[in-house]
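Participant: Structure in structure tokens, see below.
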Amino acid sequence: MRVFCVGEAISIPLLRGTARATTHHPLLRAVLHRIVKDEAAHGRFGWIFLDWAIDFLDSDARAHLAAIARDEMAKLLESWDQMKPQPAAADDVHALGWMESQAYVDLARLTLDTDVRQPLRASGFSV
Ligand SMILES: [Fe+2]
């Protein structure tokens, strides 16, 4: 739950966002897109496993997993709250795939909701 349904699930859209932020360096863009492809399986694994396992989980197990998800989401939200806005990066840094801190946090929060919280709720987890 912690690693695959929360952490890996949000890493893919964030990596994709970083790849999109790469403004003009074709090699770096290709590397980032390759990483996104490689990571995609990690982002799906937790959900594939959960789909298979969910019928074997009793209410205590579901509550335990929901608590783990809530704990991990709270840690992420706290870490994003503590991120200090950084001054705008120089243009040449964007070529390296740099996302501005506010854009990163905005995407991370949106992704946590759409790619973690909503699917968990749809599966009956209280998060
Ligand atoms: Fe990964």
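Just so you know, all these numbers are worked out from the coordinates, no wet-lab data involved. None of the values given here were measured: they were computed from a predicted structure. We place every Cβ from the backbone using ideal geometry, glycine too, and count neighbours over all the protein chains shown.
Participant: Of the residues GLU39, GLU78, GLU100, which exhibits the maximal mean-square fluctuation in a Gaussian network model of the chain defined by a 10 Å Cα contact cut-off?
Facilitator: Highest fluctuation of the listed residues: GLU78.
Participant: Under 1.5 on a/c is rounded, so check that first for the chain, then, if it is not, pick prolate when a/b is larger than b/c and oblate when it is not; a ≥ b ≥ c are the square roots of the alpha carbon gyration tensor eigenvalues. Don't jump to the answer; show the numbers that get you there.
Facilitator: Details: a/c = 3.74, a/b = 1.81, b/c = 2.07.
Note, shape of the chain comes out oblate.
Participant: Taking the Cα-to-Cβ direction at ARG44 and at HIS64 and moving 7 Å from each Cα, how far apart do the two end points lie in nm?
Facilitator: Inter-label distance under the simple model: 2.9 nm.
Participant: Same structure, new question: What is the extension gain from VAL31 to SER126, computed as 0.36 nm multiplied by their sequence separation minus the C-alpha to C-alpha distance, in nm to one decimal?
Facilitator: This chain segment gains 30.5 nm when fully extended.
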